[in-house]
C-alpha cells in the first residue's frame, strides 16, 4: 500500500464527541463541548455537556457563530494544551478569550484547558476540560491530550475500510517514522504533520514498542523490513 497517496476519511464530529466523552466518563474532570472548524466557520457539537454551566456554553456558541471560538483561535498556532488563565499571554491578546476566561473563574472553575487535536489531514478540533475542585497540571493536560489523540485514532480506524495488509502500526506512527527516516527532528516532524513534538515522540515510542525496537533507527529498519514504510516515502523530500 502506498501511504503517500493515502486519504483519511472525513471525521464525523458526533462520533468523535462521543469518543472524547467516554475518555472522561470515570474522571473528576468536566469535559466541555467539542469545537471544530470548517471552511465556512467555527462550530460546537451538541448541546451543553453535563457539568458545564449554561452561560459558559452560550458564550462558546456565540463566539463560534462569530468565527471566534476561543480554543480554535488559540489552537491555530498551538499544538499543545492551552491553560485558560488570564496569566497566559496568548489569552491576553484576545479580548473574547479573556471574557471567556473571566466567566470560567466566576463560575468557580479552579482550572481549565483547551486540548487541541488534529486529524491526519490537519483539521483542528478542540476539547475543553476543567475542574471546580482542583488545579489540573500541565503534565496531566498533556496526558489527557494523548488520550484524546487515541480516541481520534479509534474513530479514524472505524471510518477506514478494513486494510488488505496485516499492518502493525497506525497511520500516524508510520508517518512519524517516515519523518524520522528523513532525518527530521521531532520539532520539524511535528510542524510537517501539524502535531506537537511531544505527540511525535509519543507515536515513535509506541512504534518502537510494537516493533520490539530499542532505538529509533532500529524501529525504522524493522518497519522497512515489514513493509510498514517504504523508501520512496522518505527519499522524496
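The values are calculated or read from the model by the stated rules, or taken from the named source; none is laboratory data. Computed from a prediction, not measured in an experiment: that's the story for all the values here. Neighbour counts are summed over all protein chains in view; Cβ atoms, including those assigned to glycine, are modelled from backbone coordinates with ideal geometry.
Annotations
- Failed item, numbered, when residue 183 is tested on (1) in a loop (DSSP other than H, G, I, E, B); (2) at pLDDT below 90: (2)
- Listed here are the helices (runs of 4 or more DSSP H) enclosed by the range 44-127 that have at least 1 residues being touching a helix residue (DSSP H, G or I) at 6+ places or on another chain (Cβ under 9 Å) and farther than 29 Å from residue 193 by Cα: 54-65, 95-106.
- Residue within the range 129-136 that is surrounded by 13 or more Cβ atoms within 10 Å (Cβ to Cβ), modelled with pLDDT under 80 and on the phi < 0 side of the Ramachandran plot present: no
- For the range 1-19, the set of residues classified as at pLDDT 85 or above and more than 24 Å from residue 168 (Cα to Cα) consists of 13, 14, 15, 17, 18, listed by residue number.
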